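S.K.: Dropping the structure in here first, questions after.
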Amino acid sequence: MKAAVMTQFREPLEIQELPDPTPGPHDAVIRVEGCGVCRSDWHVWQGDWKWIGVEVNLPLVMGHEFGGVVEAVGTEVRNFRPGDRVTVPFHMSCGHCEYCYRGRSNLCPAHGVVGVNFHGGYGQLVLIPDASVNLVRLPDEVDSLSAAAIGCRYMTAYHGVVDRIKIQPGEWAVVFGIGGVGISAVQIASSLGAQVVAVSTKYEKLTLARNEGAVITINASADDPVAVIKDVTRGGADVTIDAFGSSKTTIPAIRSLKRGGRHLQLGLTSKQEQGIIPLPVDAMVLQEIEFIGSLGCPVTSYPGLLALIARGKLNPKRLVKNTITADKINQVLSSMTNFATTGFHVITDW
Ligand SMILES: [Zn+2]
Ligand SMILES: [Zn+2]
């Protein structure tokens, strides 16, 4: 199979011919039809996240948001067959630990992340462990490009907005950072009836946010978002979502909340902060502000997400800006260094 391989951090990926994976008894092999290029890939490519225990062995085939067709299954995989159309959550679970039993498969420590801890969707074929619990069947209405668009950023936003922060119709929800996760959160929160405010430093990202349902947009390099939000919401937002991951977004997000507000943290930090952001804890105590972390999306939440997509209530595919061949990944990763990408880029050919 062909794959885009990272042989060194921060150096261009190389298109190589690799041996086809063969499944063990509990595994499946997926033929990838679409795989998104995610900012998480950029972080891994940079060698980030050692401070949260991310250990990457090179060479590595990245890629953790994909849809495709089952190519082969192991002898013990009973509920999927070759030809089935599937996607996977990026965090692989075991199906029989305390987290899996509680419906929190996104917290299962068994296998780690596809495309980070083992080879992923930048190759034409991907080996999926414990396939019975990690494969998610796609409804006919959800094509592979939609599946690639759901892969990580969109499902992360869905779990955060729906399961973790439990957005309510009519609530003011402010999204800081309109990258892949942020624009997904804008679309999902708007579709579920929230009044969404989008905050970015780039006008073209704010235009995209308006197209996805944001009712107010704020350019943080021109205006003070906290003051504008307090003004338009008459006192503060019900919910803030940091989809970026920096003191420049987390702190103003928390300061924009009204009393009893909920803050959803979706973005992880970069090299400068290494996971440490000073928070206004006194104000958070006095106002009963909740700080809620969210990671990926448990497999048990996929039926709801896929049903909303199949019925046209949510539209992740609309966020796909470009389909690309694998040799163009390097251009996308390079432009992510300057936050110059808008929407999703999906590999559909090698
Ligand atoms: Zn588990
Ligand atoms: Zn991702």
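S.K.: For segment 39-71, which positions are surrounded by fewer than 17 Cβ atoms within 10 Å (Cβ to Cβ) and in a helix (DSSP H, G or I)?
M.R.: Q46, K50, W51, I52
S.K.: Let me ask another. When you scan segment 32-50, do you find a residue that is without any contact (Cβ under 8 Å) to a residue 24 or more places away in the chain, within 23 Å of the chain's Cα centre (by Cα) and either within 16 Å of ligand 1 (Cβ to nearest atom) or farther than 25 Å from K317 by Cα (or both), even just one?
M.R.: yes
S.K.: Is there a residue being open to solvent by 30 Å² or more (accessible area, probe 1.4 Å), modelled with pLDDT of 95 or more and outside any loop (DSSP other than H, G, I, E, B) anywhere in segment 6-14?
M.R.: Scanning segment 6-14, I find at least one residue that is open to solvent by 30 Å² or more (accessible area, probe 1.4 Å), modelled with pLDDT of 95 or more and outside any loop (DSSP other than H, G, I, E, B), so the answer is yes.
S.K.: A further question follows. Being more than 16 Å from ligand 1 (Cβ to nearest atom) and open to solvent by less than 50 Å² (accessible area, probe 1.4 Å): is that true of V142 here?
M.R.: For V142, the condition - more than 16 Å from ligand 1 (Cβ to nearest atom) and open to solvent by less than 50 Å² (accessible area, probe 1.4 Å) - is met.
S.K.: Something else about it: Taking segment 177-206 as the search range and keeping residues that are among the polar types (S, T, N, Q) and closer than 24 Å to K230 by Cβ, which one is surrounded by the most Cβ atoms within 10 Å (Cβ to Cβ)?
M.R.: So, considering only residues that are among the polar types (S, T, N, Q) and closer than 24 Å to K230 by Cβ, the one surrounded by the most Cβ atoms within 10 Å (Cβ to Cβ) is S200.
S.K.: Separate question: Please determine whether any residue of segment 112-127 is within 22 Å of L268 (Cα to Cα), small (G, A, S) and free of Cβ contacts under 8 Å to residues at least 24 places away in the same chain.
M.R.: yes
S.K.: Here's a follow-up. Can you report the number of residues in segment 72-94 which are away from ligand 2 (no atom under 16 Å from the Cβ), part of a loop (DSSP other than H, G, I, E, B) and not aromatic (F, W, Y)?
M.R.: Of the residues in that region, 12 qualify.
S.K.: Moving on. Looking only at segment 95-131, count how many residues are over 19 Å from M62 (Cα atoms), assigned to a loop (DSSP other than H, G, I, E, B) and open to solvent by less than 20 Å² (accessible area, probe 1.4 Å).
M.R.: Residues meeting the conditions: 1.
S.K.: Oh, and also: Considering each of L305, L319 in turn, give the residue that is at pLDDT 95 or above, open to solvent by less than 30 Å² (accessible area, probe 1.4 Å) and within 22 Å of G179 (Cα to Cα).
M.R.: L305
S.K.: Here's something else I'd like to know. Taking only segment 62-102 into account, find how many residues are without any contact (Cβ under 8 Å) to a residue 12 or more places away in the chain and small (G, A, S).
M.R.: 0
S.K.: State whether the residues of segment 76-83 include one that is farther than 29 Å from I324 by Cβ and either buried (at least 20 other Cβ atoms within 10 Å of the Cβ) or under 20 Å from the mean Cα position of the chain (by Cα) (or both).
M.R.: yes
S.K.: Also, I was wondering about something else. Report those strands (runs of 3 or more DSSP E) wholly inside segment 253-350 carrying at least 1 residues which are hydroxyl-bearing (S, T, Y).
M.R.: Correct list: 320-325, 344-349.
S.K.: Can you find a residue that is more than 16 Å from ligand 1 (Cβ to nearest atom), out of contact with any helix residue (DSSP H, G or I) (no Cβ under 7 Å at 6 or more places or on another chain) and not acidic (D, E) anywhere in segment 92-109?
M.R.: No, every residue in segment 92-109 fails to be more than 16 Å from ligand 1 (Cβ to nearest atom), out of contact with any helix residue (DSSP H, G or I) (no Cβ under 7 Å at 6 or more places or on another chain) and not acidic (D, E).
The values are calculated or read from the model by the stated rules, or taken from the named source; none is laboratory data. The model shown is predicted, which means the values in this text are computed figures rather than measured ones. Backbone-built Cβ (ideal geometry, glycine too); neighbour counts: all protein chains shown. We work out accessible area using only protein heavy atoms, side chains counted, and drop any ligands, DNA or RNA first. Shrake-Rupley method; radii C 1.70, N 1.55, O 1.52, S 1.80 Å.
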